[in-house]
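To start, the structure under review is shown below, and the notes come after it.
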Amino acid sequence: MAFTTLTFFLFTAVVIAVYYLFPVKKYQWLILLAADYVFYLYAGYKFAVFILFTTVTIYLAAIRIESLKLRSKEKIKAEGKSWSREEKKAYKAGVKKKEKTILALALIANFGILVFLKYSNFLAGGINQILGHTADGGPLPMLKLFLPLGISFYTFQAAGYLIDVSRGAVKAERNLLKFALFISFFPQIVQGPISSFGQLAAQLTAEHKPEFIRFKLGLELILWGYFKKLVIADRAVIAINTVTADYTQYTGTTILAAGLLYALQLYADFSAGIDISRGIAQILGIDMVQNFRRPYFATSINDYWRRWHITLGAWMKNYIFNPIAISKLFLGWSKKMKQSGFGKTAAGAHIARVLPTSISSVIVFLVVGLWHGANSKYIAFGLWNGGIIMFSILLKPVFDKMCTALRIRTESFGWRVFRIIRTFILVLVGYYFDIAPGFYGAMDMMRRTLVDQRLSLGKTEIAGLGLGKADFLILAIGMLIMFVISIMEEKNQIDTPGELLERRSFAVRFAVIAITVLMIAFWGIYGPGYDPADFVYMQF
Amino acid sequence: MEELMAILEEIRPDVDFETEKFLVKDGILDSFDIISLVGALNEEYDIEIQPVDLVPENFNSAEAILALVTRLQDE
């Protein structure tokens, strides 16, 4: 049930109506849970086994870990006074070990399923190639696997919860049905945002009354999402698909145009999906975290990842980057280097200081790359991003000195624009890995972009990519609208166009909404005979 | 406190740690600074800062950092 179908629209309308009309407010949340499973089973009943497995195993593991914690606390309270400091320490370590074993088993089981379904063919192909065969013609067979809907998203969300419980940051949920709701909330299950238990869970099960302002802002957000998806993303994708089907047929000019269109499409598409999710949640009385904050205004790759797919970045930071960077191993390396002869020099001291963060960044982005898919091009995508971040941390003193020597006013508007453009180019290189058929394809596409710029031929080619002049005009208008809204949001530090509209008069609000509806109606790509493009992030 | 100030100043000499009260919230300290700080604090005070301790509230001001250190020393 894709977000762009009439079925989904009707389904959501019915859910909202039943949710608010349900007489026993205390059990209102059960309507959401029922809706989640209707939504999920509609995608395929086979899938339900996987999400149920994750729900039950993580639910039980969390309770077990928490009971161990509670029991050990009580024991220390009761008998601790008669223990020596060492005895207490040893007892605590013993409990911690048990907790960690349960945590590890639950995480391995759940990520094991994800890795198996998503990466086993990639790994088997790689091993076949190492053994001197073709990827699909070696001793290891290629399996016909399917990915359950939203498996990456709910697995990450569930794993985050379990780690939080083991850290003592949140209390374990004792009600299985309430926990099942946290894992399966239908607006977010397909493509996120990946939410933390502490932020989302209590809201899901609280009692909610219909509020006019939430309906208004929620509907405006949904409308904005449909505009970005149907008018911009699903139009741009037509030209992109034509080029990527066989990029060797095209000049570097056209390949570059496809890359730029992809930057537009990916942002419009993914942020549209998130806006629709957040809008529906808002109507249901639930605030979900923001996933995008004008990513193309980022002034560095590091900044880009704080603005793009924010919830994935936050997850990675919280559960992978931080534990690795402050591990005894990494901090130990840093300390050793500091004490060495090299560490006594200015450059050495800096490198020793930033060593844990820079290596952890590369590891995290390797994981982010793999998260995007089982293909060497995604590993390259991850290393490209992680490598730039590492490079920028290590060389920061050099860059700072260069700025001083060149008398660059780093606070100036011009310098900021320069940094934004530079960052966008680096991001665009990363996108080439996304749209290319493979790693070598991406390299070849970059080479062609650099050496094969032929404007007039490119212009003719672009005209033949399946989009007419009117389509390009609509894309340009759409992009301009997104750009202007982004600037206004950035200026006012506001994250949705609806909140911007709130400050305007009724006439302006009415006109803007009416025009948006008309643009979607006339320019949106939908209707009979048209197969709506899946959201880009749906198959993760 | 003086000891802590010396550590903080070594990591970010450009920041006035006596007056800033929202070091993380205002983006004065980024995650890279905090990791460096964790290394220095662990070593100086013989504590083990855990991932769960890496929340803005623990690093927003010199006082908050000192409170974190004191709590971990007592454990």
Residue that is surrounded by the fewest Cβ atoms within 10 Å (Cβ to Cβ) [pool: residues in the range A:140-196 that are of a type in the set (K, R) and either at positive phi or without any contact (Cβ under 8 Å) to a residue 12 or more places away in the chain (or both)]: A:K144
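Could we say that A:A325 is more than 11 Å from chain B (Cβ to nearest Cβ) and touching a residue at least 24 places away in the same chain (Cβ under 8 Å) here? If you could, list the steps in order and put the result at the bottom.
Details: more than 11 Å from chain B (Cβ to nearest Cβ): no; touching a residue at least 24 places away in the same chain (Cβ under 8 Å): yes.
Judged against the criteria, A:A325 is not a match.
To keep it simple, each residue is scored yes or no on (1) surrounded by 20 or more Cβ atoms within 10 Å (Cβ to Cβ); (2) more than 26 Å from A:F399 (Cβ to Cβ); (3) hydrophobic (A, V, I, L, M, F, W, C); (4) in contact (Cβ under 8 Å) with a residue 24 or more places away in the chain.
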| residue | (1), (2), (3), (4) |
| --- | --- |
| A:I301 | yes, no, yes, yes |
| A:K344 | no, no, no, no |
| A:G348 | no, no, no, no |
| A:I359 | no, no, yes, yes |
Residue list for the range A:197-226, restricted to those being crowded, with 20+ Cβ neighbours inside 10 Å and farther than 22 Å from A:F39 by Cα: A:L217, A:E220, A:W224
Among residues of the range A:329-345, those that are facing chain B (nearest Cβ under 8 Å) and out of contact with any Ser or Thr (no Cβ under 9 Å at 6 or more places or on another chain), counted: 2
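For (1) within 30 Å of the chain's Cα centre (by Cα); (2) under 16 Å from A:L143 (Cα atoms), each residue gets a yes or a no:
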site	(1), (2)
A:K89	no, no
A:E99	yes, no
A:A106	yes, no
A:A109	yes, no
A:A124	yes, yes
A:I127	yes, yes
Residue among A:F365, A:F391 that alone is modelled with pLDDT of 90 or more and either buried (at least 20 other Cβ atoms within 10 Å of the Cβ) or not in a helix (DSSP H, G or I) (or both): A:F365
Cβ pairs under 8 Å, 6+ apart, first in the range B:12-40 and within 14 Å of chain A (Cβ to nearest Cβ), second of a type outside the set (A, V, I, L, M, F, W, C) and not in a helix (DSSP H, G or I): B:V24/B:N60; B:K25/B:N60; B:D26/B:E20; B:L29/B:R12; B:D33/B:R12
Every pair of residues 6+ apart whose Cβ atoms lie under 9 Å, when the first sits in the range A:507-521 and is among the aromatic types (F, W, Y) while the second is loosely packed, with under 12 Cβ neighbours inside 10 Å: none
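In the list A:L68, A:L52, which residue meets the criterion of being under 16 Å from A:L176 (Cα atoms) and assigned by TED's automatic domain parsing to the domain that holds A:E87? Spell out how you get there, then give the answer.
Numbers: A:L68 fails: under 16 Å from A:L176 (Cα atoms).
Answer to the selection: A:L52.
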Selection count where residues are within 15 Å of A:F182 (Cβ to Cβ) and either among the small types (G, A, S) or without any contact (Cβ under 8 Å) to a residue 40 or more places away in the chain (or both), scope the range A:35-49: 1
The range A:305-322, residues that are touching a Ser or Thr at 6+ places or on another chain (Cβ under 8 Å) and more than 14 Å from every other protein chain (Cβ to nearest Cβ): A:T311
Helices (runs of 4 or more DSSP H) completely within the range A:411-506 that count 3 or more residues being in contact with a helix residue (DSSP H, G or I) (Cβ under 8 Å, 6 or more places away or on another chain), modelled with pLDDT of 95 or more and closer than 27 Å to A:W308 by Cα: A:413-435, A:439-451, A:469-492
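Does A:K75 meet the test of being surrounded by fewer than 18 Cβ atoms within 10 Å (Cβ to Cβ), closer than 29 Å to B:E75 by Cα and modelled with pLDDT under 95? Quick ask: steps written out before the conclusion?
Values: surrounded by fewer than 18 Cβ atoms within 10 Å (Cβ to Cβ): yes; closer than 29 Å to B:E75 by Cα: yes; modelled with pLDDT under 95: yes.
It is true that A:K75 is surrounded by fewer than 18 Cβ atoms within 10 Å (Cβ to Cβ), closer than 29 Å to B:E75 by Cα and modelled with pLDDT under 95.
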Qualifying position, being assigned by TED's automatic domain parsing to the domain that holds A:V512 and modelled with pLDDT of 95 or more, among A:T242, A:T254: A:T254
Residues that are more than 10 Å from every other protein chain (Cβ to nearest Cβ) and among the basic types (K, R), drawn from the range A:346-381: A:K377
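Is it the case that some residue within the range B:51-67 is among the aliphatic types (A, V, I, L, M), out of contact with any helix residue (DSSP H, G or I) (no Cβ under 7 Å at 6 or more places or on another chain) and assigned to a loop (DSSP other than H, G, I, E, B)?
Filtering the range B:51-67 down to residues among the aliphatic types (A, V, I, L, M) leaves B:52, B:54-55, B:62, B:64-67.
Next cut, out of contact with any helix residue (DSSP H, G or I) (no Cβ under 7 Å at 6 or more places or on another chain) only: B:55, B:67.
Now restrict to residues that are assigned to a loop (DSSP other than H, G, I, E, B): B:55.
Yes, the range B:51-67 has at least one match.
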Qualifying residue in the range A:275-289 (condition: of a type outside the set (D, E), within 14 Å of chain B (Cβ to nearest Cβ), under 18 Å from the mean Cα position of the chain (by Cα) and in a helix (DSSP H, G or I)): no
Checking A:L260 against (1) more than 14 Å from chain B (Cβ to nearest Cβ); (2) surrounded by 21 or more Cβ atoms within 10 Å (Cβ to Cβ); (3) modelled with pLDDT of 95 or more, the condition it does not meet: (2)
The range B:41-50, subset in a helix (DSSP H, G or I) and within 12 Å of chain A (Cβ to nearest Cβ), residue surrounded by the fewest Cβ atoms within 10 Å (Cβ to Cβ): B:E44
Residues (touching a Phe, Trp or Tyr at 6+ places or on another chain (Cβ under 6 Å) and within 22 Å of A:Q339 (Cβ to Cβ)) located in the range B:1-33: B:L8
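The values are calculated or read from the model by the stated rules, or taken from the named source; none is laboratory data. Predicted model, so just to flag it, every value in this text is computed and none were measured. All Cβ positions, even for glycine, are placed from backbone atoms using ideal geometry, and neighbour counts span all protein chains on display.
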